[in-house]
Amino acid sequence: MTLKYADELQVGDVWTERNKSGKGPPLSYRVLAVRDGLAATTVCIIAENLTTGQRRASHFFRVNRVEVAPP
């Protein structure tokens with residue numbers, strides 16, 4: 001896994017989100033769309049869970065670091 005800033009994510013990237021309690025498997029999401037957030041310092045990521053297929057929108061600060069699977 002490599003780290004990227006949230007504003008460096010591109011369509012097709014897969015990022016991993018770990019459970020805050022440390023229990024259970026990490027969840028992987030494929031980026032479907034990236035757009036500017038409500039503030040100049042944020043970015044909105046539309047992603048799909050690779051296990052369930054459920055889609056979600058996540059808002060990150062542009063400087064947040066996320067784990068990305070290698071291409």
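Considering segment 43-66, and only residues there that are of a type in the set (Val, Ile, Thr) and under 10 Å from the mean Cα position of the chain (by Cα), the residue that is surrounded by the fewest Cβ atoms within 10 Å (Cβ to Cβ) turns out to be Ile46.
So which residues in segment 1-51 are part of a loop (DSSP other than H, G, I, E, B) and either under 17 Å from Ala69 (Cβ atoms) or modelled with pLDDT of 95 or more (or both), if there are any at all? The answer is Met1, Leu9, Gln10, Val11, Gly12, Asp13, Arg18, Pro25, Pro26, Leu50, Thr51.
The values are calculated or read from the model by the stated rules, or taken from the named source; none is laboratory data. Source: prediction; values computed, not measured. Every residue, glycine as well, gets a Cβ built from its backbone with ideal geometry; the counts of neighbours run over all protein chains shown.
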